[in-house]
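The values are calculated or read from the model by the stated rules, or taken from the named source; none is laboratory data. Computed from a predicted model, the values in this text were never measured in an experiment. FYI the Cβ positions are ideal-geometry reconstructions off the backbone, even for glycines, and counts take in every protein chain you see. Heads up: the accessible areas ignore ligands, DNA and RNA and are worked out on the full protein's heavy atoms, side chains in. Shrake-Rupley method; radii C 1.70, N 1.55, O 1.52, S 1.80 Å.
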Amino acid sequence: NYKNSRRFQINMGLRWDPYVPQYSKYEYSSQFDPQRYLKGDRSTVFTNAPPGTFFPGDAGYPGRSDTTRHLGNWAPRIGLIFDPRGRGQETIRAAYGMFFGSTYLWNTLHVPLNPPWGSTITVQAPQGGLSDPWAGYPGGNPFPTPVRFPKDYQFPAAGTFTFQPLESHPTYVQQWNVALQKQIGADWFVSA
């Protein structure tokens, strides 16, 4: 806070708002790379994973999470208060601020539902009907999934995967406002 005079005051601030992505204790994390897919590259962690899908332990994986961290998120704030006539009955206020958010956490929380850990599988018109929905499904009934996943785990056909970009950038919003406030008489106050 800096009070230049009884008529003018400046409030300034700078917030450091780093994004450090969450990760699973069990390294339930995966990533998809279209270039690796086009080359037919496969994971060395899970050899039967679809091409282009890779996991912690594979070459080039960013660490324990499925996206990178951002430590340079600096969010400035400034506010100005001005009493134009110096009578203490009216003020002009203006402010600006930048605010970071984490709206893309849904993706990070959904990744543990990806195969092999979770198996969201869609079977259209199963051959065995509802009494035997896995009849004709490649590999048979995929449930229950194992507690420890072997390197050659058989990934489900038609499995559902959710990924987020490796270089996700935190969302942010910039907000500003200007207000004129005036006291009218002893008991009224008007703000626009």
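Every test in (1) farther than 20 Å from Phe163 by Cβ; (2) touching a strand residue (DSSP E or B) at 6+ places or on another chain (Cβ under 7 Å) is passed by Leu71 save one, and that test is (2). Among the candidates Ala179, Ala158, Ala186, the residue that is surrounded by 10 or more Cβ atoms within 10 Å (Cβ to Cβ) and more than 26 Å from Asp33 (Cβ to Cβ) is uniquely Ala179.
The set of residues in the stretch 1-59 that are in contact with a Lys or Arg (Cβ under 9 Å, 6 or more places away or on another chain), open to solvent by less than 60 Å² (accessible area, probe 1.4 Å), in contact (Cβ under 8 Å) with a residue 60 or more places away in the chain and outside any loop (DSSP other than H, G, I, E, B) comprises Gln9, Ile10, Asn11, Gly13, Tyr19, Thr53. Cβ-Cβ contacts under 6 Å between residues 6 or more apart (or on different chains), taken from a first residue in the stretch 86-103 that is aromatic (Phe, Trp, Tyr) to a second residue that is part of a loop (DSSP other than H, G, I, E, B) and modelled with pLDDT under 95, are listed as Phe100/Asp17; Phe100/Asn73; Phe100/Pro170. Scanning the stretch 67-89 for residues that are surrounded by 15 or more Cβ atoms within 10 Å (Cβ to Cβ), part of a strand (DSSP E or B) and either β-branched (Val, Ile, Thr) or at pLDDT below 95 (or both) turns up His70, Ile81. Within the stretch 7-54, the set of residues being basic (Lys, Arg) and modelled with pLDDT under 90 comprises just one member, Lys25. The residue that is farthest from Gly139 (Cα to Cα), among those in the stretch 151-192 that are in a strand (DSSP E or B) and among the aromatic types (Phe, Trp, Tyr), is Trp188.
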